[in-house]
Amino acid sequence: MATNYDIKDLNLAEQGRKRIDWAEKEMPVLRLLRERFEQERPLNGLRVSACLHVTAETANLARTLAAGGADVGLCASNPLSTQDDVAAALVAYEEIPVYAIKGEDNPTYYKHLGAALDHQPHITMDDGADLVTAILKQRPELLDGLLGSTEETTTGVIRLKAMAADGVLNFPVIAVNDSDTKHMFDNRYGTGQSTLDGIIRATNVLLAGKTFVVGGYGWCSRGIA
C-alpha cells in the first residue's frame, strides 16, 4: 500500500478495484500495452506526476504506467469527477499515491497539486495545464529534472500555446488534444454522450418522444446531434 496519500476513505478500496476491473474490459488497447510494458519496462527510473480525472479509466492508465516501471503519483484535475473508491483502490492495491477527494475545496485542490509535484516528476500529465503552471510559477526548482509533459484538453493546450508565445514554456509538451484520435473519441463522440448523460442525470426525464434542438457548431455539437 502507498504510504503518502490523501483520499476520502481507504475502506472503499475493494469496491474501487471492482470498478477498475470492470472498466478495463472496455479498454483492450491499454490492456495490451500493459502486457507489453510488463515485459519491456520502458519507463524504469522515471517519476510521473499526473493531474487527471480520478476515475476507473484513469486508474487503468496509471496501472499501465506503473507496469512499465514508472513511479506514478496522481491528483485530481476536477474534484467533481473524482471516484473516491477508485482513489482508495489505487492506494491500497497498486501502491500509487493519490491526492484526491470528491468535492474537495480550492485550498485542498492546490495542496494536492503541490503534493503531486513533491513527487519531483520527470514527466507530468495534465488535464488543464495546472501542473505545468504550478511548476513555472511556484516550483521552478523542478525544471532541471523535467523531461516534458502531456496535455489532454483544449483549454490546457490554449493555455500552453499562450505560454509558448510569451517565451515562458521552456520544456516540450505533447498536445494530446490535437491528435485525431482524441478529437474523434472524446470531442466528437465522448462529449455528445456525456452531454446526454448529464441531461438525464439532471432532469431524470425519459428521452423517448422528446424533441432536441442543438445550438452550436464543431465536433462537440455534432457528437450530440
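The values are calculated or read from the model by the stated rules, or taken from the named source; none is laboratory data. As the structure is a computational prediction, the values presented were derived from the model and not from experiment. Methodologically, a virtual Cβ is constructed for each residue, glycine included, from the backbone with ideal geometry; neighbour enumeration extends over all protein chains shown. Accessible surface areas use protein heavy atoms only, side chains included; no ligands, DNA or RNA. Shrake-Rupley method; radii C 1.70, N 1.55, O 1.52, S 1.80 Å.
In the chain, with Lys and Arg counted as +1 and Asp and Glu as -1 at Cβ, which of these residues, ALA92, GLN120, TYR189, has the Cα nearest the positive end of the dipole, that is, farthest along it? Projecting each Cα onto the dipole axis, the largest value belongs to TYR189.
Would you calculate, for the chain, the mean residue ellipticity at 222 nm contributed by helices, counting each DSSP H stretch of 4 or more residues as -39,500 (n - 2.57) and dividing by all residues, to the nearest 500?
Working: 9 runs with 100 residues, N = 225.
For the chain, the value works out to -13500 deg cm²/dmol.
In this simple spin-label model, placing a label point 7 Å from the Cα along the Cα-to-Cβ direction at both ALA164 and ALA225 gives a separation of 3.0 nm.
Rolling a 1.4 Å probe over the protein heavy atoms of segment 10-179, with every protein chain left in place, gives an accessible area that is 53 percent carbon and sulfur. Close amide H partners of ASP6, meaning residues 5 or more places away or on another chain with modelled amide H under 5 Å apart, are VAL98, TYR99, ALA100. Selection among GLY103, ALA225, ILE135 by position relative to the dipole of the chain gives ALA225 as farthest towards the positive end (Cβ unit charges, Cα centre).
Net charge of the neighbourhood of LEU90, taken over other residues with C-beta under 15 Å away and scored Lys/Arg +1, Asp/Glu -1, is -4. The number of Lys pairs in the chain with C-alpha atoms less than 25 Å apart, excluding pairs fewer than 8 positions apart on the same chain, is 10. With all protein chains kept in place, the per residue accessible area of the chain amounts to 56 square angstrom at a probe of 1.4 angstrom. Of the accessible area of segment 182-224, computed with a 1.4 Å probe over protein heavy atoms only, carbon and sulfur atoms account for 59 percent. Look at the alpha carbon pairs under 8 Å that are at least 6 residues apart: their mean separation over the length of the chain gives a relative contact order of 18 percent.
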